[in-house]
Amino acid sequence: MKKTATQVYDDTRLKVFSPERHMQVGETLIGQLTMVEDYEYFEFRAQEKERWTRNPKVFQGEYINVHLDKFGALVVSLRKTELFNRKTAIRDGEAIKTELLTAVKVLGL
């Protein structure tokens, strides 16, 4: 077990810089504590919370989109396409294949 040092600073001032709003009762912030003046004045600067976006898009083409799911897997989805006749379907199928191969190259897979 590691040794830890315990210090009690009586009659000190602590200034907290927190993002967006004041700190609430029971809230824990992660950041850096700095002693500005010996045993008298401290400043704490909280880190901003990391923003998480749901399924971020990593590739966007004319026919397909590639998203990253919460487990880190790549998910391919087809964009809305209207098929009018057989020739259009064959051409669109080839375009989708080309975009998939392009996405593989761009994403370094």
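The values are calculated or read from the model by the stated rules, or taken from the named source; none is laboratory data. Please read these numbers as outputs of a predicted model, since none were measured by experiment. When we count neighbours, we look across all protein chains shown, and the Cβ atoms used for this are built from the backbone with ideal geometry, even at glycine.
Points worth noting:
- Every residue from the stretch 1-54 that is under 30 Å from Phe71 (Cβ atoms) and either touching a Cys at 6+ places or on another chain (Cβ under 8 Å) or basic (Lys, Arg) (or both): Lys49, Arg51, Arg54
- For the stretch 30-53, the set of residues classified as surrounded by 14 or more Cβ atoms within 10 Å (Cβ to Cβ) and not charged (D, E, K, R) consists of Gly31, Tyr41, Phe42, Phe44, Ala46, listed by residue number.
- When Pro56 is tested against (1) within 21 Å of Lys105 (Cα to Cα); (2) in contact with a Leu (Cβ under 6 Å, 6 or more places away or on another chain); (3) surrounded by 11 or more Cβ atoms within 10 Å (Cβ to Cβ), exactly one condition is not met: (3).
- Thr6 being touching a helix residue (DSSP H, G or I) at 6+ places or on another chain (Cβ under 9 Å), at pLDDT below 90 and not aliphatic (A, V, I, L, M): no
- Test result for Glu99, surrounded by 10 or more Cβ atoms within 10 Å (Cβ to Cβ) and without any contact (Cβ under 8 Å) to a residue 40 or more places away in the chain: yes
- Selection from the stretch 4-20 of residues that are part of a strand (DSSP E or B) and either surrounded by fewer than 10 Cβ atoms within 10 Å (Cβ to Cβ) or under 34 Å from the mean Cα position of the chain (by Cα) (or both): Leu14, Lys15, Val16, Phe17
- Pairs where the first residue, in the stretch 4-15, is charged (D, E, K, R) and the second is not in a loop (DSSP other than H, G, I, E, B), C-beta under 8 Å, 6+ apart: Arg13/Tyr41; Arg13/Phe42; Lys15/Tyr41; Lys15/Phe42; Lys15/Glu43; Lys15/Phe44
- Considering the stretch 92-109, and only residues there that are among the hydrophobic types (A, V, I, L, M, F, W, C) and touching a strand residue (DSSP E or B) at 6+ places or on another chain (Cβ under 7 Å), the residue that is farthest from His67 (Cα to Cα) turns out to be Ile96.
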